[in-house]
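The block underneath contains the structure these notes are about, expressed in structure tokens.
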Amino acid sequence: MTKENNLKLMTFGGHLEVLRRMLFRILAIVGIFSTIIFCCKETIWAILLAPSRYDFTTYSLIEKVISLCGFEYHFDKFHIDLIATDLSSQFMTHITTSIYLGLLGASPYILYELFKFVSPALYENEKKYSVSVATIIYFLFIIGVLMSYYILFPISFRFLGTYSVADSIRSTITLDSYIETFTTLTFIMGIVFQLPVIMFFLAKLGFISSSLLAKYRKHALIIIMLVAAIITPPDLMTLILVTIPLYLLYEVSVRIAKIVEK
């Protein structure tokens, strides 16, 4: 190995220094995003609390789709009170939510920094391959987030918030419970929508094939319906709205496995 190549090699301490600088830059960007989101309190919380309203966009859209099919249907109006039980709960929830959203907003930059950190160890074709995979992962995650925000969470909130075992019992949901359910469902849908990427790597490693996925298509549909039933309230409409995109992702995975085999 030549002296020039030796100079190009980075020591373990050098890698740690690069990693440290990268983490500081990521923390700084996340902090900036979180601070901006924290300061835009009215706008951000109007968006976060919109799915709890009876006139949310999803309900209007569903009513229009049903009317186009020749039927007349309107959702009943509802109102669910959100309360804060601790003195500091609103302030702390505001901070933690701002950090979560700051991480989401800074996620493209975080992916860029991670790619820049590992790229020196990759060949040119691997760099192009990594960029494509990272872009697809991020794109699918955002679709899962939007799926949760516009479909899964509002319908789940409506069903669970208005469900009552007796007329004398009135539901009041805590703000912590609202945000916890919101973030949990959003994260779950973001992960679930990574199914095509997972299938791609499994096909690359030879664990699955397109013929195997096609053979067990009916079984997969049953499993998808079970998963949808677990993460959604016991409501037929919600089950259908979640099952359809998840099954479409499975069909996309079958096509991806075929492409990998070729």
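The values are calculated or read from the model by the stated rules, or taken from the named source; none is laboratory data. Model, not experiment: these values are computed from the prediction. Using ideal geometry, Cβ is built from the backbone for each residue, glycine included, and neighbour counts are taken over all protein chains shown.
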Problem - Enumeration of residues in region 68-91 that are over 20 Å from Thr186 (Cα atoms), of a type in the set (A, V, I, L, M) and either surrounded by 13 or more Cβ atoms within 10 Å (Cβ to Cβ) or in contact with a strand residue (DSSP E or B) (Cβ under 6 Å, 6 or more places away or on another chain) (or both) - result: Ile80, Ile83, Ala84
Fill in the blank from the handout: For region 71-92 the number of residues that are of a type outside the set (S, T, N, Q) and within 13 Å of Thr172 (Cα to Cα) is 7
Practice task
Return the pairs, sorted by first residue and then second, in which the second residue is outside any helix (DSSP H, G or I) and buried (at least 17 other Cβ atoms within 10 Å of the Cβ), the first residue lies in region 33-61 and is assigned by TED's automatic domain parsing to the domain that holds Ile95, the beta carbons are less than 6 Å apart, and the residues are 6+ apart or on different chains.
Solution key: Ala50/Phe56
Exercise for the section: Scan region 29-40 for residues that are surrounded by 12 or more Cβ atoms within 10 Å (Cβ to Cβ) and over 23 Å from Leu152 (Cβ atoms) and jot them down. Expected result: Ile29, Val30, Gly31, Ile32, Phe33, Ser34, Thr35, Ile36, Phe38, Cys40
Exercise for the section: Please find, within region 16-32, the residue that is farthest from Leu111 (Cα to Cα) out of those that are charged (D, E, K, R) and free of Cβ contacts under 8 Å to residues at least 40 places away in the same chain. Expected result: Glu17
Practice task
Look through region 213-227, keep the residues that are without any contact (Cβ under 8 Å) to a residue 24 or more places away in the chain and aliphatic (A, V, I, L, M), and return whichever of them is surrounded by the most Cβ atoms within 10 Å (Cβ to Cβ).
Solution key: Met225
Problem - Close pairs from region 136-158: first on the phi < 0 side of the Ramachandran plot, partner surrounded by fewer than 21 Cβ atoms within 10 Å (Cβ to Cβ) and small (Gly, Ala, Ser), Cβ under 7 Å, at least 6 apart - result: Tyr138/Ser107; Phe157/Ser52
Completion exercise
Those residues of region 63-80 which are of a type in the set (Val, Ile, Thr) and without any contact (Cβ under 8 Å) to a residue 60 or more places away in the chain amount to Val65, Ile66
Fill in the blank from the handout: Within region 151-197, the residues that are among the hydroxyl-bearing types (Ser, Thr, Tyr) and over 12 Å from the mean Cα position of the chain (by Cα) are Ser156, Thr162, Tyr163, Ser164, Ser168, Ser171, Thr172, Thr174, Ser177, Tyr178, Thr181
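Out of the residues in region 228-245 meeting the condition of being among the hydrophobic types (A, V, I, L, M, F, W, C) and surrounded by 15 or more Cβ atoms within 10 Å (Cβ to Cβ), tell me which one is modelled with the lowest pLDDT.
Among those that are among the hydrophobic types (A, V, I, L, M, F, W, C) and surrounded by 15 or more Cβ atoms within 10 Å (Cβ to Cβ), it is Ile231.
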